[in-house]
Amino acid sequence: VQLQASGGGTVQAGGSLRLSCATSGRILDNYVMGWFRQAPGKEREFVAAVRWSGSMIAYGDSVKGRFTISTDNAKITVYLQGNSLKPEDSAVYYCGLDREGAYDSWRTSNYESWGQGTLVTVSS
């Protein structure tokens, strides 16, 4: 399965942005799709994850209440809607795939496949 992230760009603080992660190949209900981000000089940070069946959704503390993860089964695409964006949300955003469907979805080590990343810049 290959992942293709898109939708990044520059937005003013308080604005919104929607990222997409398109997949190729078969996605099973137990797979977990996750979004992570990495700012310069920082470690990759967990943003959100969803089990493809919809039975599990998780968010990182820094984005709870502002970001929403969703899936489109027809397009086999995962979305990340970010609202009320802050300058500290600026980072390269990556989508990842966990075929084992682990419940500790915040661990980067669970994800075997990654998209190429899309840059989000939030200006103050």
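Name the GluC sites (Glu not before Pro) in the range 49-124 that are in a loop by DSSP and that have at most 12 other C-beta atoms within 10 Å, would you? The partial results should precede the final answer.
Numbers: sites: E88, E100, E112; in loops: E100, E112.
Within the range 49-124, the qualifying GluC sites (Glu not before Pro) (loop, at most 12 other Cβ atoms within 10 Å) are E100, E112.
Paramagnetic label reach from E43 (point 7 Å along Cα→Cβ; backbone nitrogen cut-off under 20 Å): within the range 67-104, residues 88-98, 102-104.
A 1.4 Å probe run over the protein chains yields, for the chain, 51 Å² of accessible area per residue, whole-number rounding. Quick check for you: which residues of the range 55-80 have the amide N under 20 Å from the point 7 Å beyond the Cα of R26 toward its beta carbon? Zone members listed by number: 72-78. Hydrodynamic estimate: the Kirkwood radius of the range 34-78 over Cα pairs, inserted into Stokes-Einstein at 4 °C and 1.567 mPa s, corresponds to D of 113 µm²/s. The label-point distance for L119 and S53, in a model that sets each label 7 Å from Cα toward Cβ, rounds to 4.0 nm. Phi angles of the range 8-22 translate, via the Karplus equation with coefficients 6.51, -1.76, 1.60 and θ = phi - 60°, into HN-Hα couplings of x, x, 10, 9, 6, 3, x, x, 10, 7, 10, 9, 10, 10, 8 Hz per residue; Gly and Pro are given as x. Backbone geometry of the range 42-57 corresponds, through the Karplus equation with coefficients 6.51, -1.76 and 1.60 at θ = phi - 60°, to 3J(HN,Hα) couplings of 10, 6, 5, 10, 5, 10, 6, 8, 9, 7, 4, 5, x, 7, 9, 9 Hz, x marking Gly and Pro.
Going by average Cβ neighbours within 10 Å, how do the peptides 36-45, 75-84, 51-60, 89-98 rank, with the highest at the top?
Numbers: 36-45: 13.9, 75-84: 18.6, 51-60: 15.6, 89-98: 23.1.
The most tightly packed comes first, giving 89-98, 75-84, 51-60, 36-45.
Would you please state which residues of the range 54-68 a label at S16 would reach in this model, taking the label point 7 Å out along Cα→Cβ and a backbone N cut-off of under 13 Å? Zone members listed by number: 66-68.
Note that the range 60-71 has calculated 3J(HN,Hα) couplings of x, 4, 6, 10, 4, x, 10, 10, 9, 9, 8, 10 Hz, one per residue in order, obtained from phi through the Karplus relation 6.51 cos²θ - 1.76 cosθ + 1.60 (θ = phi - 60°); glycine and proline are x.
Take every Cα pair under 8 Å whose residues are at least 6 apart in sequence, average their separation, divide by the length of the chain, and the relative contact order is 36 percent.
The values are calculated or read from the model by the stated rules, or taken from the named source; none is laboratory data. Everything numeric here is computed off the predicted structure, so don't read it as measured data. FYI the Cβ positions are ideal-geometry reconstructions off the backbone, even for glycines, and counts take in every protein chain you see. The protein model used for the area step is the full one, side chains on, heavy atoms only, and it has no ligands, DNA or RNA in it. Shrake-Rupley method; radii C 1.70, N 1.55, O 1.52, S 1.80 Å.
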